[in-house]
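Read the figures in this text as sums done on the coordinates, not as results from a lab. Owing to the predicted nature of the structure, the values given are computational and were not obtained by experimental measurement. Cβ coordinates were reconstructed from backbone atoms using ideal geometry, including for glycine residues, and neighbour counts include every protein chain displayed.
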Amino acid sequence: MQKQLETGTEERLLNPGCASDLFVSVSPHVKNDKTTAGIMWTVVACLIPPLVLSVFIFGFQTLMITLVSVASCVATEAVSEKMLGRPITIKDGSAVITGLLLAYVIPPGVPLWMPILGAVMAIFVTKVIMGGLGFNIFNPALIGRAFLVATYPVAMTTAWLVPIRDAAIFRYMGSGVDAISTATPLYVLKHQGMAAMMDKFGSMQSIYFDFFLGFRPGCIGETSALLLLAGGLFLIYKKYITWHIPVSVIASTAFLTWVFGGEKMFTGDPVLAVLSGGLLLGAFFMATDYVTSPTQKKGQVLFGIGIGFLTVLIRLKGGYPEGVCYAILLMNPLTPALDQWFRPKRFSEGAAS
């Protein structure tokens, strides 16, 4: 005969014939050793290699921009939570990730005060006012970037630097940045064509090789496909993210670029589309944000395809040569609907609501 003892929401079943007791409690029942802070700091670790590379290809000032961005995000979160009487949550690492990603999606030649403004918009307006971590509708770092593009469009679209191929990492720390600014590959491709792209960056073989390693103009943390891919695959291996969103974003962007991105149908360059711009950074580290992306696998695939479609649409038909930022932001508000459409069915229609 079993004895049943009720203790709050938990029922303890005592069976004299068993060596151990059986505990029955409300869901969720699956537990592991993963914590929010642990996941966040792992993501931070995966984002460090692109920063190290950026210091060598764009100069020491990229480290300064990144440190200012991270410090501003952490300080904004701590001060705003203190003012609102909320617990200080900076130890969970989410503000650090926002600071890193914000720095990674701005040009390496911007002044140091710009990431401070972006941090206030990303943390205070997008995250804290909405209720804190878990309540924000949009990706905070991308809102910060969108704000900077809207308010300082010249700096955010022209402060690109020629990659350094030697050890002169302090080259751009002086006042001569404007004299050595350049255009991004997507800008050249969009406004001047493939011939100009090859004239500026070399043969297609050398373009693929350099872009894969990271030797190309671009935002601070988006240039190296190799390092971003390695970090993203590590997160998938650790099961912190799944493959559904990154693969669907990359595959849809590559396919649609191949179909519509050339002078004729089916003549676009899908490899160049993936290696250029911030596609890999967005696919692995921004589109997969837990709060602003769907939880169901089918919803994640549709979410990723939508990002890929909007990215290609903006790249080919929009005013900006890059569309990853706005593509993710436009898909973020659809996350609740996608979760609702693809929610699991009940085992029994008579189950308690």
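Data overview
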{"item": "Euclidean distance of C-alpha centroids, the range 188-224 and the range 63-90, integer Å", "result": "35 Å"}
{"item": "The range 245-321: trypsin sites (Lys or Arg not before Pro) in DSSP loop, at most 14 other beta carbons within 10 Å", "result": "LYS264"}
{"item": "Pairwise FRET efficiency - VAL271 versus PHE342, Cβ, R0 = 25 Å, nearest 0.05", "result": "0.20"}
{"item": "Karplus-derived 3J(HN,Hα), 6.51/-1.76/1.60, for each residue of the range 213-224, Hz, glycine and proline x", "result": "6, x, 8, 7, x, x, 5, 4, x, 9, 7, 8"}
{"item": "Contour minus Cα-Cα distance for LYS264 and PHE60 (0.36 nm per residue)", "result": "69.2 nm"}
{"item": "Amide N proximity, the range 134-153 versus ILE90 label position 7 Å along Cα-to-Cβ, cut-off under 20 Å", "result": "134, 140-141, 144"}
{"item": "Pairs of Cα atoms farther than 20 Å apart, the range 251-353, %", "result": "43 percent"}
{"item": "Estimated FRET transfer efficiency when R0 is 30 angstrom, pair TYR320-LEU112 (beta carbons, to 0.05)", "result": "0.80"}
{"item": "Cα centroid separation, the range 251-289 to the range 99-130 (Å)", "result": "26 Å"}
{"item": "Chymotrypsin sites (Phe, Trp or Tyr not before Pro) restricted to DSSP loop in the range 44-85 with at most 16 other C-beta within 10 Å", "result": "PHE60"}
{"item": "The range 241-292: chymotrypsin sites (Phe, Trp or Tyr not before Pro) falling in loop per DSSP and having at most 10 other Cβ within 10 Å", "result": "PHE266"}
